[in-house]
1. Among B:Val183, B:Val254, which is the only one that is surrounded by 20 or more Cβ atoms within 10 Å (Cβ to Cβ), over 21 Å from the mean Cα position of the chain (by Cα) and touching a residue at least 24 places away in the same chain (Cβ under 8 Å)?
2. When you go through (1) modelled with pLDDT under 90; (2) more than 14 Å from every other protein chain (Cβ to nearest Cβ) one by one for B:Val256, which number turns out not to apply?
3. Looking at (1) closer than 27 Å to B:Ala352 by Cβ; (2) more than 16 Å from the chain's Cα centre (by Cα); (3) of a type outside the set (Val, Ile, Thr), find the lone condition where B:Leu81 falls short.
4. When the residues of segment B:168-179 are filtered to those that are of a type in the set (A, V, I, L, M, F, W, C) and at the interface with another protein chain (Cβ under 8 Å from one of its Cβ atoms), which remaining residue is farthest from B:Tyr206 (Cα to Cα)?
5. Out of segment A:52-75, which residues are within 11 Å of chain B (Cβ to nearest Cβ) and out of contact with any Phe, Trp or Tyr (no Cβ under 8 Å at 6 or more places or on another chain)?
6. Please name all residue pairs, on different chains or six or more residues apart, with Cβ atoms under 9 Å, provided the first residue is in segment B:148-159 and is without any contact (Cβ under 8 Å) to a residue 40 or more places away in the chain and facing chain A (nearest Cβ under 8 Å) and the second residue is charged (D, E, K, R) and buried (at least 20 other Cβ atoms within 10 Å of the Cβ).
7. Report those helices (runs of 4 or more DSSP H) wholly inside segment B:204-288 carrying at least 1 residues which are under 23 Å from B:Leu178 (Cα atoms) and either in contact with a Phe, Trp or Tyr (Cβ under 6 Å, 6 or more places away or on another chain) or aromatic (Phe, Trp, Tyr) (or both).
8. Which condition does B:His30 not pass, out of (1) surrounded by 21 or more Cβ atoms within 10 Å (Cβ to Cβ); (2) within 18 Å of the chain's Cα centre (by Cα), if it passes all the others?
Amino acid sequence: MEISLGLFLRLNYLVAITLFLIGLHTMLTHSNLIKKVMGMNIMETGIFLFLVSIGYARQSLAPIVDQGDGVIYANPLVSAIVLTGIVIAVSTTAYTLSMIVKLYERCGTLDVDRLERLRT
Amino acid sequence: MLKHLPVLLTVMPLAGAFLVPVFGRSGRGHRMALVTVAVTLLAAVTMLGITAGGEVLRYRVGDWPPPWGIELRVDALGALLASFFALVYLAVTIFAGRDIPGELNPASVHWYWSLLLLLLAGINGVVTAHDLFNLFVFTEVFSLAACGIISIRDRLDSLEAAIKYLILSAVAAGCILLGIALVYMVTGHLNLSYLAAELPMAARLYPKNVLAMVALLTTGFALKSALFPLHVWLPDAHSSAPSPSSALLSGLVVKVGIVALIRLFTTVFTGPVIAALPVPVFMIVMAVGGIIFGALFAMTQRDLKRMLAYSTVTQVGYIYLGFGLLNETALTGALLHIINHALLKSMLFMCAGLFIHRTGKRRIADMAGLARHMPLTMSCFTIGAMAMVGIPVTNGFVSKWHLVLGTLHGGQPLLAGVILLSSLLSSIYYFPVVVAGWFGHPASPPPPGPEGPPSMVWPIVALASLCLILGVWPHLPLRLLGDVARTLLGR
């Protein structure tokens, strides 16, 4: 109860967790490989939203020095982490997709269930 | 120069990985990889010499002081693991020089050396990391490189195994990154020492965040290191890869996740943070499952490499068992088993690779009578099988002995029974191969000729003799690891 109320007050976290769960569910249950890759990206988007939300305080500005005293800055470290995370996510996605293309050229299907049966 | 050793451990293989595709096209790639691995081994051994006395090497990347900059740390455990990993790497790289050109498309051979060095960079990065996010980045580096050395063999089964591995590995990466986000949220630090200082307070203020964070990080790294029941990707991936890749994947890559978890649980999640959470119990239960089911699955396999892959599931279970007990003897056994299994399983996979290279067959039934044609390799395989079962004078005996003693120290005699039972099960699936190899009659003998190219036979013999040496004189690593275990447990 306490948790759900807290989450509704901080909508970013609720959305982030929902996205993470949608992505995870898609990755683990869908049999289409492309949908699995989409799930992977949705999951990672959820994590990135979560990370960015951690660094943001209400009415905080971009972290540029010289804006006068009493200004609240957003935490720049999490943005850096998200950038690195995006780079990793992009490379993983590109690599997975290239392997899926090769697999499709060989088997003509993207369905994991059918692939599992193709191999003895 | 000496000051920069901790970062060179990662930077050298990384630089090599980028130089090989540029300069290593016309068959020079293998020599470049060999030189890089040898220099990395030299760096690791130098650091072992410095840290063996208990000194810890700290390195600030770009000279930014922590908590702002990235910190690397090499203690005796890190240096010892890096040395043994580099040693195994050297043996496998020498072996691969003759095996890989036969297994791959000629156009992709030099890419293989590049990926091999990238994998080494990732492994060393995790071993030296003292920063949670750095740990994550290098985990991803070695995971992608590990998928690369599977899928580079352009065949359908390798491709499928690599996709399966990559997708599960992405789930693990998601869990780890979310865990890192949660821990940063409650503590504001990523450096492990600062986290250790902040976390007890945070655990009291936000117990649910810490609970979720520990669960996510444990699941993530357990998936990367194939703890039962998260091992489903391992048998396919390790058996369909080219043999040198299998040797590295089974010997080193699964261990790296465990090393990361050992680091986290001994430096950060200690004392009051973990006291209320049943993580060690969870690990012991899963480890026992892995030990028993890995052995049962291995017994039903007909393919030699698949059997070895399931045996890895069992051995990972042993390591987690020793780790989950969290007492000094058991942790010493677990750390020693990381090293011993790295030597053994790489050696066994290289033996399997040489069998396949010579005969072109990979079923266990086809191993019958091979000792007549390949006596040296079969002897090494026999040593490896004996060590896996845990027969004295082999290194496997020493680590299993410490694990059993550790279960008894921890007051869990039932777990000692599990280890003994599993040794019996291992003998059921390893010894038929050995007996048939020595005394069986080959259905179709391989073409006459020497046992194999010397550059493939001698790395196997070298690792096998090292297994025997560590079995007869285990004192040196044992004393060092005993000290490490005491330090890690804070006693």
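The values are calculated or read from the model by the stated rules, or taken from the named source; none is laboratory data. Computed from a predicted model, the values in this text were never measured in an experiment. Here the Cβ positions follow ideal geometry from the backbone for every residue, glycine too, while neighbour counts run over all protein chains shown.
1. Numbers: B:Val254 fails: over 21 Å from the mean Cα position of the chain (by Cα).
Residue meeting the stated conditions: B:Val183.
2. Of (1) modelled with pLDDT under 90; (2) more than 14 Å from every other protein chain (Cβ to nearest Cβ), only one is false for B:Val256: (1).
3. Among (1) closer than 27 Å to B:Ala352 by Cβ; (2) more than 16 Å from the chain's Cα centre (by Cα); (3) of a type outside the set (Val, Ile, Thr), the lone unmet condition for B:Leu81 is (2).
4. Here is the first cut: in segment B:168-179, the residues of a type in the set (A, V, I, L, M, F, W, C) are B:168, B:170-173, B:175-178.
Checking the rest, the ones that are also at the interface with another protein chain (Cβ under 8 Å from one of its Cβ atoms) come to B:170-171, B:173, B:177-178.
Details: B:Ala170: 28, B:Val171: 25, B:Ala173: 24, B:Leu177: 19, B:Leu178: 16 Å.
If we take residues in segment B:168-179 being of a type in the set (A, V, I, L, M, F, W, C) and at the interface with another protein chain (Cβ under 8 Å from one of its Cβ atoms), then B:Ala170 is farthest from B:Tyr206 (Cα to Cα).
5. Initial filter on segment A:52-75 (within 11 Å of chain B (Cβ to nearest Cβ)): A:52-55, A:75.
Matches in segment A:52-75: A:Val52, A:Gly55.
6. Final answer for the pair search is B:Leu159/B:Arg153.
7. Numbers: elements: B:207-224, B:234-240, B:243-248, B:254-263, B:272-275.
Once the helices (runs of 4 or more DSSP H) in segment B:204-288 are filtered for at least 1 residues that are under 23 Å from B:Leu178 (Cα atoms) and either in contact with a Phe, Trp or Tyr (Cβ under 6 Å, 6 or more places away or on another chain) or aromatic (Phe, Trp, Tyr) (or both), what remains is B:207-224, B:254-263.
8. Single failed check for B:His30: (2).
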